[in-house]
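Enquirer: Have a look at this one.
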Amino acid sequence: MTRNDETTALETFLLQRIRQAGGIPFGEYMGQCLYHPQYGYYMAPRDRIGKGGDFFTSSSVHSIFGRLIAKQLHQMWRLLGEGAFAVVEQGAGEGHLCLDILDAIADDSPHFYEALTYQLVEISPDNRGRQKELLSRHLGRVDWCEFADLKNIRGCFLSNELVDAFPVRVFEKHNGILKEVYVVAGESGLGEELRPLEDSRIADYFRAVGIEPVEGNRFEVNLPAVEWMQAVAEVLEVGFVLTIDYGYPAGELYAPFRRNGTLMCYRHHQPSDNPYEAPGSQDITSHIDFTALQKFGSERGLVPLFFGPQYKFLMALGFVETLLEIQAKETDEKRARALRLTLKNLIVPEGGMGETFKVLIQGKGVGEPSLLCNRSLGDIPLPGAFA
């Protein structure tokens, strides 16, 4: 079935569902666009990541991203006593981050590699197939499972650009009253309608994060992110949660100047603010609320250990030193220059991923250790492998 056929089939399904229900909340619409078992953007076979897809991720830029994360995982392993250590990665895409982490650990710390198990939680059959092919040389270390199978994790729960793809509900505030965006079907296609809010959890959410929605603004609420963070805390016995994604603290996410929220769509590397165009054939995302992840995580025993922009995280883990090591192996100056230009996207605050992406690390049952990613530039040693 071609992409156009998939879009037509999903549109037909959505129109039937919307007409039958008399309109559905935007969150349900977004969930079907992304995760419909047959036609959802993340479920049907297609190229999503990289030059031939719809967007880039940090792990698709260069293996240095996974290599630096591996250094932080190595320290976490040492903090837990250097015994059996599980990395659980949810939403691993095509598996490039997993591959780069395992390659780095196998090369630089064989003892850690032998103690390591790497579990992938993946709901997309298409992605799971790509992951198994890509990770063939590490199949002795990698396994696949459902989230419901997880329990008593001792190690690190890792995600990179997962939470931004959870379906969000969309609201507007008018005359002091919150109203929810519903998707309806009209003669000219899909449209929107504001309806009274009946879910008390939304008011509870804003009380928890300490924000009052701004009159006249449109905004998203990601309740699945809260439920996910609580579930992760439950399955983690002792260890860390490492979340990498684009987003803001609540005060910035729901700031008065953000009149239209943060919902965005991506197709063929072109951004759009129209989620009703080509449903199932474009990615739909929104920036996440890191205050909510910390607040609701702390209620389940997760202690914030680090929160900051990606460039600070990577620099503290030795980005410059690792870049110099990689560049020293490149004999062609043109390729070396291209490498530098490529890697700057990971750390440049403006126009790159360095500031847009944030990193949150939480710990459970580990106290408040000083993590490598918390180091100042003056504390970073000369180039080397794992400390």
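Enquirer: Report ³J(HN,Hα) in whole Hz for each residue of the stretch 225-230, in order, from the Karplus equation J = 6.51 cos²θ - 1.76 cosθ + 1.60 where θ = phi - 60°; Gly and Pro get x.
Expert: 5, 5, 4, 5, 4, 5
Enquirer: Using per-residue counts of other Cβ atoms within 10 Å, averaged over each peptide, order 228-237, 204-213, 285-294 from highest down.
Expert: The peptides rank, most packed first, as 285-294, 228-237, 204-213.
Enquirer: May I ask you to list the GluC sites (Glu not before Pro) in the stretch 146-204 that are in a DSSP loop and have at most 10 other Cβ atoms within 10 Å of their Cβ?
Expert: Details: sites: GLU146, GLU161, GLU172, GLU180, GLU187, GLU192, GLU193, GLU198; in loops: GLU146, GLU161, GLU187, GLU198.
Filter output for the stretch 146-204: GLU146, GLU187, GLU198.
Enquirer: Quick one: accessible area per residue over the stretch 80-158, 1.4 Å probe, rounded to a whole number of Å²?
Expert: Working: 3370 Å² over 79 residues.
Using a 1.4 Å probe on heavy atoms only, each residue of the stretch 80-158 averages 43 Å².
Enquirer: Under 5 Å between amide hydrogens, which residues at least 5 positions from GLY261 or on another chain qualify, with H placed 1.01 Å from N in the peptide plane?
Expert: ARG218
Enquirer: Further question on the same structure: On full extension of the chain, what length is gained from PHE13 through ARG259, given 0.36 nm per residue of separation minus the C-alpha to C-alpha distance?
Expert: Going from the current span to full extension adds 85.4 nm.
Enquirer: Would you pull out the residues with amide H under 5 Å of PHE357's amide H, same chain only if 5 or more places away, H placed 1.01 Å from N?
Expert: Placed amide hydrogens put GLN310 under 5 Å from PHE357.
Enquirer: Could you report the stretch 184-255's accessible area per residue, 1.4 Å probe, as an integer in Å²?
Expert: Per-residue accessible area for the stretch 184-255 comes out at 42 Å².
Enquirer: For the stretch 104-172, give the percent of accessible area contributed by carbon and sulfur heavy atoms, probe 1.4 Å, rounded to a whole number.
Expert: Reported share for carbon and sulfur atoms: 48 percent.
Enquirer: Ignoring ligands, DNA and RNA, what percent of the accessible area of the stretch 202-313 is carbon or sulfur (1.4 Å)?
Expert: Whole-percent figure for carbon plus sulfur exposure: 50.
Enquirer: Could you go through the stretch 283-298 in sequence order and give the Karplus-derived ³J(HN,Hα) for each residue, using 6.51 cos²θ - 1.76 cosθ + 1.60 with θ = phi - 60°, rounded to whole Hz, and x for Gly and Pro?
Expert: 6, 10, 9, 8, 5, 9, 9, 6, 5, 5, 4, 6, 4, 6, x, 5
Enquirer: Then there is this: Multiplying the sequence separation of ILE177 and SER200 by 0.36 nm and subtracting their Cα-Cα distance, what value in nm do you get?
Expert: So the chain would gain 7.0 nm between ILE177 and SER200.
The values are calculated or read from the model by the stated rules, or taken from the named source; none is laboratory data. This structure is a prediction, so every number in the text was calculated from the model and none was measured. Every residue, glycine as well, gets a Cβ built from its backbone with ideal geometry; the counts of neighbours run over all protein chains shown. Quick note on the areas: whole protein, heavy atoms, side chains included, nothing else; ligands and nucleic acids left out. Shrake-Rupley method; radii C 1.70, N 1.55, O 1.52, S 1.80 Å.
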